[in-house]
């Protein structure tokens, strides 16, 4: 069962960061493990279920909030996906720690594999070790935070999205309009 994690610092209060993460529709904005999430509004909380698409899959799956501890921890578990080699269940976890003038966020991905897919666990882990730091940087940029606190690979791109561009310029990201439980709803 490969598991990979990284940490980032976001210059926003833990309540705002948690509200953003609690709405699984926001995952599609920054996570490479989520291609899309149905636009239906779902009340955040334990057992909240979303329709989503895993990259490379045509069939929609369910994404369920497995753990919900406001301002501290949230976990989403994907539906078991079948392949000729076995099954995979992705688990996306987020731990929040208030820190100074922002929040330290630990992002983790665990892939629960079965059958012959277990033999591919090192490759799955390698892919997540490659993708998760990039996802963390996108998450941080989306919320307007500084560079990730964990070492990330590749060039740092300012919030403008243009290397060498004006880092004070806001990133161009779609905004969503439905209200969030704590008043912060960045993308919906």
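Laboratory data are not the source of any read-out in this text; all were calculated from the coordinates shown. From a predicted model like this one, the values you see are computed outputs, not experimental measurements. For neighbour counting, all protein chains shown are included, and Cβ atoms are generated from backbone atoms with ideal geometry for every residue, glycine included.
Key figures for this structure:
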{"item": "Most to least packed among 114-122, 30-38, 13-21 [average Cβ atoms within 10 Å]", "result": "13-21, 30-38, 114-122"}
{"item": "The range 3-142, relative contact order in percent, only Cα pairs under 8 angstrom and at least six apart counted", "result": "29"}
{"item": "Length gained when the stretch residue 43-residue 1 is fully extended (0.36 nm per residue, less Cα-Cα span)", "result": "12.1 nm"}
{"item": "Efficiency of FRET from Cβ geometry, residue 61 and residue 121, R₀ 22 Å, rounded to 0.05", "result": "0.60"}
{"item": "Per-selection Kirkwood Rh - the range 3-142 (Cα, Å, 1 d.p.)", "result": "15.3"}
{"item": "Cα gyration tensor shape of the range 11-55, rounded if a/c is under 1.5, else prolate or oblate by comparing a/b with b/c", "result": "oblate"}
